[in-house]
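Participant: Got a structure for you, questions after.
The values are calculated or read from the model by the stated rules, or taken from the named source; none is laboratory data. Quantities reported herein were computed from a predicted structural model and do not represent experimental measurements. Here the Cβ positions follow ideal geometry from the backbone for every residue, glycine too, while neighbour counts run over all protein chains shown.
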Amino acid sequence: MRRLRWRDVIGGLSAVVVGMLAGSSARAQEPPQGASPPGAGPGATIEQIVRMSPAELEALYGQGVAAALPAGRVRGHALVAPGKRWAVPSSKAARLVWQGKVFDPSGSAVVNRFFGVRAIKGNVYLAESWRDGQPALIIDYSGTSVLYGKYRDEIRQVGPNAYLGLMFTRTNPPELKTYFALETTP
């Protein structure tokens, strides 16, 4: 009988949690033509992002730019139930499960942090977004994780220390599962 490792347990729990969080949070609506999220723009903050609706997040992502993230730990914010009144407390609670990502100094690899432990590796590169075809920083789990192999993250910088991410499943067509934000230290 195979011995259960903590990394397996954490990976399994994280996959369950992402599935639960993603269930209803990523129901994107098309933003109105030319719409800009209120109080957002090139200088959006994490506090603003966590309070946005799916349409506002879509508009903000469209305004973002592909940019590399600095090496080391980057604080993560799961955007649970965007646009709902419980979005902010839900995002804070989700930090107990997912704390963010750790980017390799080479800029080509990343590891997610779940329950304070590094788990779920991904490859990092610039490519076209599945959302709009424009450049985005991609985190590809297909060759690095059995649990997350069916997912792909896209990230764009939307503020001085704020990045907005979209998590897709590898279906045809790709399906948006959830939004997340990353915050760097100034």
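Participant: For residues that are part of a loop (DSSP other than H, G, I, E, B) and closer than 14 Å to LEU69 by Cα, tally how many sit in the stretch 159-172.
Facilitator: Residues flagged as part of a loop (DSSP other than H, G, I, E, B) and closer than 14 Å to LEU69 by Cα within the stretch 159-172 amount to 2.
Participant: Restricting attention to strands (runs of 3 or more DSSP E) lying wholly within the stretch 59-158, give those where 3 or more residues are under 13 Å from the mean Cα position of the chain (by Cα) and either within 18 Å of GLU183 (Cα to Cα) or modelled with pLDDT of 95 or more (or both).
Facilitator: Once the strands (runs of 3 or more DSSP E) in the stretch 59-158 are filtered for at least 3 residues that are under 13 Å from the mean Cα position of the chain (by Cα) and either within 18 Å of GLU183 (Cα to Cα) or modelled with pLDDT of 95 or more (or both), what remains is 72-79, 98-103, 109-114, 135-140.
Participant: Right, here's the next one. Could you list, ordered by first residue, the pairs with Cβ atoms under 6 Å in which the first is in the stretch 173-186 and within 10 Å of TRP130 (Cβ to Cβ) and part of a strand (DSSP E or B) and the second is among the hydroxyl-bearing types (Ser, Thr, Tyr) and at pLDDT 95 or above, at least 6 apart or interchain?
Facilitator: Within 6 Å, the pairs are GLU175/THR169.
Participant: Still on this structure, please answer the following. Inside the stretch 84-132, can you point out the residues that are farther than 20 Å from THR144 by Cβ, of a type outside the set (A, V, I, L, M, F, W, C) and touching a residue at least 24 places away in the same chain (Cβ under 8 Å)?
Facilitator: SER91, SER129, ARG131, ASP132
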